[in-house]
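K.L.:
Here it is, the structure, as structure tokens.
Rule-based calculations on the coordinates, nothing more; no lab input. Given the structure is predicted, the values throughout are model-derived calculations rather than measurements. Every residue, glycine among them, receives a Cβ derived from its backbone with ideal geometry; neighbour counts consider all protein chains shown.
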Amino acid sequence: MASVTFDAVSKRYGEVTAVDDLNLAIEDGEFMVLLGPSGCGKTTALRMIAGLEDISDGKLLIGDEVVNDVDPSRRDISMVFQSYALYPHMTVQRNIESPLLVRSYHVDGNDRPARKLNKAERDERVAEAARVLDLEPYLKRKPAALSGGQRQRVALARAFVGRPKVFLMDEPLSNLDAKLRAQTRIELVELHARVGTTVVYVTHDQVEAMTMATRVAVMSMGKLQQVGTPQEVYARPVNTFVAQFIGTPPMNCFPGKIAADGSQIEVEGGTLPLPAGLVAVPAAGSTITVGVRPEHLEVSGEGSLGVEVRAVEWLGHECLISTSIGDANVVIREAGMSASQTGSSLRLSVDPANVHLFDPNTTLRIG
Amino acid sequence: MSVTDAMAVPNDDAPVLEVPKRSRRKGKYNAKEVGLAFAFLVPSLAVFVTFFYVPFARLVSWGTYESQRGGASYKQVGIDQYTDVLGGNEFRQGLWHSLQFVLYTVPAGLILGTLLAVAAHRRLKGIKVFQAIFSSTLASSVAVSSVIFFFLFNPAVGFFQVSWQSDPSWAMFAAALPAIWQNLGLAFVIVLAGLQAVPDEVMEAARLDGYGAWRRLTRITLPLISPVLMFLFVILVIYGFQAFAQIDIITKGGPGGATETLVFKIFKQTQDYGKGAVLSVGLFCVTLVVTFFQFAILDRRVHYGDE
């Protein structure tokens, strides 16, 4: 087990900067999810940990060791690929065993020289991995005779069997169907709890990030936007990108203005309260971007904000009501069945604690 | 009809349904189906019958005629000519020379082409130029490459002035060189295509698992491209048994018949079509048997992705 530290790491391909000055300390035993849209640099960052991409600038540490120039096979990491990358000509048994066959391990204690495992030790480890991942009935099969979920578990077993310092996972659930994905999410969290190894997990799916991560690192355009627990990034997004990337539907962001007396926010159709606990209230009359999550817009007769209902989508356990404030689309989430009708008017109120302010120029959070 | 449980969720861990290999019904086709199947086959059958089966039958029948007075007339002798010629020294010698040619050209071309393809299968600036150069031997004709090698290793005017072409123990090697050179290009192109079909992620997984370059080649790459290697092996052996121009241009079968392969001996039968036909049928049978064995033996050791 080990920590992973990005110290001002950049990766450039010619003119293109895939990862830009990344500073990120992943703690020992943590389940860190790198989250972002495609092309944000998260996979490149992961591949740099693996050693599959060279580092253009900065230092990458695994534990206390700078590994910029360490060969992938010597980093004591393992990786689960999106396509699983199983060896199609080997049986499941052989696939799981493969790292044990070629690598040396410090099995006699860290002060003793690393050595290859003998047959009995290998069999024991493979058996354990197969048991944990429910693969015992399939050990003699080739990967082609397995379902997607089973292949995925073989890839996990292969990663797990060598007890590496760090597990790397590159969108491992994206080829599974929705039901299996939900089930595997839980299994991954359980596996992490059991082995306690540091996990670095790349995904574009914020549900995976929110459900599995100890901490989430949100990336965009090669830059790290925010690091924090899922609750932190959800409750206090540092900018409008994070606000709108996390949450389904995303946070509503619309233009507003601080009222002349500085006591509330004026938006098209009414007013909203200023967020609670603001350290410095923006100057009266200045324009701002207001952010409110769909579930925090409450329909109430005395609400300070009036909107018109454009559409109502009923999802069973909740309704999504589409409206507009100015040019911005605004979605309201209401539990159960909504009484609102398309074309009708609604009054909305928001708890001051649930109002977010962003600078319209820098997109950064205010307060 | 059974009622399907609409709420049942397919169990992902259920064994994958295996379709029995020979589950298709047999011997139950009706006349209409047979007629339709035959109608679909007619175009290809017509081509095969006209250009292969009929000429082949004629060839087999020619083998039963013995040349009289240097080819002036022919006498029907039945199976005797087959037993005489195929059991004789000339056939055995020709077969041995053909085998020598195959032994020189196939392993060398296959191994060199594979090594070059492995070397050239990487993301490097300008690698396409090298890939084009390595595969260029494919684009030159056998005659051209033979002439090049003829003059390259010519004792009088050659770049390397060696007397291989007239030395009985080196002549076959001299004739094989252009074929090795050309096989290399063919092997390069086909193996390179095979390598490109191996997913990058599998090779990366092998790197992370700790496989070094040599182990990646022998334990991952070669098994994964083994169907391609198998295909190459079969066609290179067949090419080897059928080679002619190299020998005609470089050694003309000499010195002292040391490079007379089966094909060359067939070519020489200008006075005796009957014997030529027998040798041809012999070559056909040899190629057939070799191919059959190659598939029968190697097929079991070859990995085909989804089995």
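K.L.:
Tell me what chain A gives for mean residue ellipticity at 222 nm when only DSSP H runs of n ≥ 4 count, each as -39,500 (n - 2.57), the sum divided by the residue total, rounded to 500 deg cm²/dmol.
P.N.:
One gets -7000 deg cm²/dmol as the mean residue ellipticity at 222 nm.
K.L.:
Considering every Cα-Cα pair within chain B, what fraction, in whole percent, is farther apart than 34 Å?
P.N.:
Roughly 45 percent, rounded to a whole number.
K.L.:
For region A:204-282, what value does the Rg/Rh ratio take when both radii are computed over Cα atoms and Rh is the Kirkwood radius, given to two decimals?
P.N.:
We get a ratio of 1.05 for region A:204-282.
K.L.:
Report the extension gain between residue B:84 and residue B:289 in nm, rounded to one decimal, defined as 0.36 nm multiplied by the number of residues separating them, less their alpha carbon distance.
P.N.:
71.7 nm
K.L.:
What's the exposure ranking of A:251, A:337, going from fewest to most Cβ atoms within 10 Å?
P.N.:
Ranked by crowding around the Cβ, least crowded first: A:337, A:251.
K.L.:
Something else now. Between residue A:194 and residue A:236, what is the label-point separation in nm under the 7 Å Cα-to-beta-carbon projection?
P.N.:
So the label points at residue A:236 and residue A:194 sit 3.6 nm apart.
K.L.:
Give the lysines whose C-alpha is closer than 20 Å to that of residue B:265, dropping any in the same chain fewer than 8 places away, or say none.
P.N.:
Within the straight-line limit of under 20 Å, residue B:265 reaches these lysines: B:252, B:275.
K.L.:
Let me ask something additional. Based on the Cα coordinates of region B:129-208, what is the per residue volume of their convex hull in Å³?
P.N.:
Value for region B:129-208: 135 Å³ per residue.
K.L.:
Quick one: 3J(HN,Hα) in Hz for region A:283-300, Karplus 6.51/-1.76/1.60 with θ = phi - 60°, rounded, Gly and Pro as x.
P.N.:
Listing the rounded values in order: 4, 4, x, 7, 7, 9, 9, 9, x, 9, 6, x, 6, 9, 8, 9, 7, 8 Hz.
K.L.:
Roughly how many nanometres apart are two label points built 7 Å out from the Cα toward the Cβ at residue A:120 and residue A:300?
P.N.:
7.2 nm
K.L.:
May I pose another question? So what's chain A giving for Rg/Rh, alpha carbon basis, Kirkwood Rh from the mean inverse pair distance?
P.N.:
With Rg and the Kirkwood Rh in hand, the quotient comes to 1.07.
K.L.:
Please list the non-local residues whose amide H lies under 5 Å from the amide H of residue A:293, H modeled 1.01 Å from N, same-chain partners needing a gap of 5 or more.
P.N.:
Answer set, sorted by chain and number: A:252.
K.L.:
Sort largest first and round to whole Å: the equivalent ellipsoid semi-axes of the protein assembly as shown, each the square root of five times a Cα gyration tensor eigenvalue.
P.N.:
Semi-axis lengths for the protein assembly as shown are 71, 31, 26 Å.
K.L.:
If you look at just the Cα atoms of region A:36-96, how large are its Rg and its Dmax in Å?
P.N.:
14.1, 41
K.L.:
OK, next. To the nearest 20 debye, what is the magnitude of the charge dipole of chain B about its Cα centre, counting +1 on the Cβ of each Lys and Arg and -1 on the Cβ of each Asp and Glu?
P.N.:
300 debye
K.L.:
Sort A:87, B:239 by Cβ crowding within 10 Å, fewest neighbours at the top.
P.N.:
Taking fewest neighbouring Cβ atoms as first place, the list is B:239, A:87.
K.L.:
Now for a different question. What is the calculated FRET efficiency for residue A:25 to residue A:144, with r their C-beta to C-beta distance and R₀ = 35 Å, to the nearest 0.05?
P.N.:
0.25
K.L.:
Moving on. Using a 10 Å cut-off around each Cβ, can you sort A:212, A:48, A:221 from fewest to most neighbouring Cβ atoms?
P.N.:
Exposure proxy ranking, most exposed first: A:221, A:212, A:48.
K.L.:
Work out the charge dipole of chain A with +1 on the Cβ of Lys and Arg and -1 on the Cβ of Asp and Glu about the Cα centre, then indicate which of A:138, A:271, A:241 is farthest towards its positive end.
P.N.:
A:138
K.L.:
Tell me, what is the FRET efficiency for residue A:8 and residue A:248 to the nearest 0.05, using R0 = 25 angstrom and their Cβ-Cβ distance as r?
P.N.:
So, using R0 = 25 Å, E works out to roughly 0.15.
K.L.:
Another question about this same structure. Explain nothing, just the number: dipole magnitude of region A:1-76 about its Cα centre with +1 on each Lys and Arg Cβ and -1 on each Asp and Glu Cβ, in debye rounded to the nearest 20.
P.N.:
In total the dipole reaches around 280 debye.
K.L.:
Using the alpha carbon gyration tensor of region A:211-344, what are the three equivalent-ellipsoid semi-axes (square root of 5 times each eigenvalue), largest first, in whole Å?
P.N.:
Equivalent-ellipsoid dimensions as semi-axes: 25, 23, 12 Å.
K.L.:
How much length is gained if the chain between residue B:122 and residue B:52 is pulled fully straight, taking 0.36 nm per residue apart and subtracting their Cα-Cα distance, in nm to one decimal?
P.N.:
20.8 nm
K.L.:
What is the set of long-range amide H partners of residue A:53 at a cut-off below 5 Å, with H atoms built 1.01 Å from backbone N?
P.N.:
Distant-sequence amide H within range of residue A:53: A:48.
K.L.:
Follow-up. Once phi is turned into ³J(HN,Hα) by the Karplus curve 6.51 cos²θ - 1.76 cosθ + 1.60 with θ = phi - 60°, what whole-Hz value does each residue of region A:10-19 show in order, with x for glycine and proline?
P.N.:
Residue by residue, region A:10-19 yields 10, 9, 10, 10, x, 7, 8, 9, 7, 10 Hz.
K.L.:
Once you order the gyration tensor axes a ≥ b ≥ c over the Cα atoms, which shape class does region A:1-104 get: rounded for a/c under 1.5, otherwise prolate or oblate by comparing a/b with b/c?
P.N.:
Prolate.
K.L.:
Kindly provide the trypsin sites (Lys or Arg not before Pro) of region A:96-142 that DSSP labels as loop, not H, G, I, E or B, and whose Cβ sees at most 10 other Cβ atoms within 10 Å.
P.N.:
Answer in residue order: A:140.
K.L.:
Could you pull out the GluC sites (Glu not before Pro) across region A:1-93 that fall in loop regions by DSSP (anything but H, G, I, E, B) with no more than 11 other Cβ atoms inside 10 Å?
P.N.:
Here the GluC sites (Glu not before Pro) that fit, given the DSSP loop and packing criteria, are A:15.
K.L.:
For region B:83-301, with the dipole built from +1 on Lys and Arg beta-carbon atoms and -1 on Asp and Glu ones, taken about the Cα centre, which of B:101, B:285, B:295 lies farthest toward the positive end?
P.N.:
B:295
K.L.:
I would also like to ask the following. With +1 on each Lys and Arg Cβ and -1 on each Asp and Glu Cβ, how big is the dipole of region A:107-221 about its Cα centre, in debye rounded to the nearest 20?
P.N.:
Dipole magnitude for region A:107-221 comes out near 420 debye.
K.L.:
At 0.36 nm per residue, and after removing the present C-alpha to C-alpha distance, how many nm does the segment from residue B:40 to residue B:238 gain when stretched out fully?
P.N.:
Contour length minus Cα-Cα distance gives 68.3 nm.
K.L.:
Mind listing the phi-derived Karplus ³J(HN,Hα) values for region B:154-161, rounded to whole Hz, using 6.51, -1.76 and 1.60 with θ = phi - 60°, and x for any glycine or proline?
P.N.:
With coefficients 6.51, -1.76 and 1.60, one gets 8, x, 9, 10, x, 5, 9, 8 Hz.
K.L.:
Can you tell me what the convex hull of the Cα atoms of region A:314-367 projects to on average, as an area in nm²?
P.N.:
Approximately 5.2 nm², given one-decimal rounding.
K.L.:
Another question about this same structure. With helices defined as uninterrupted DSSP H runs, which ones in chain B have an alpha carbon span along their own long axis of at least 27 Å and mean Kyte-Doolittle hydropathy of at least -1.0?
P.N.:
B:89-120, B:171-196, B:273-298
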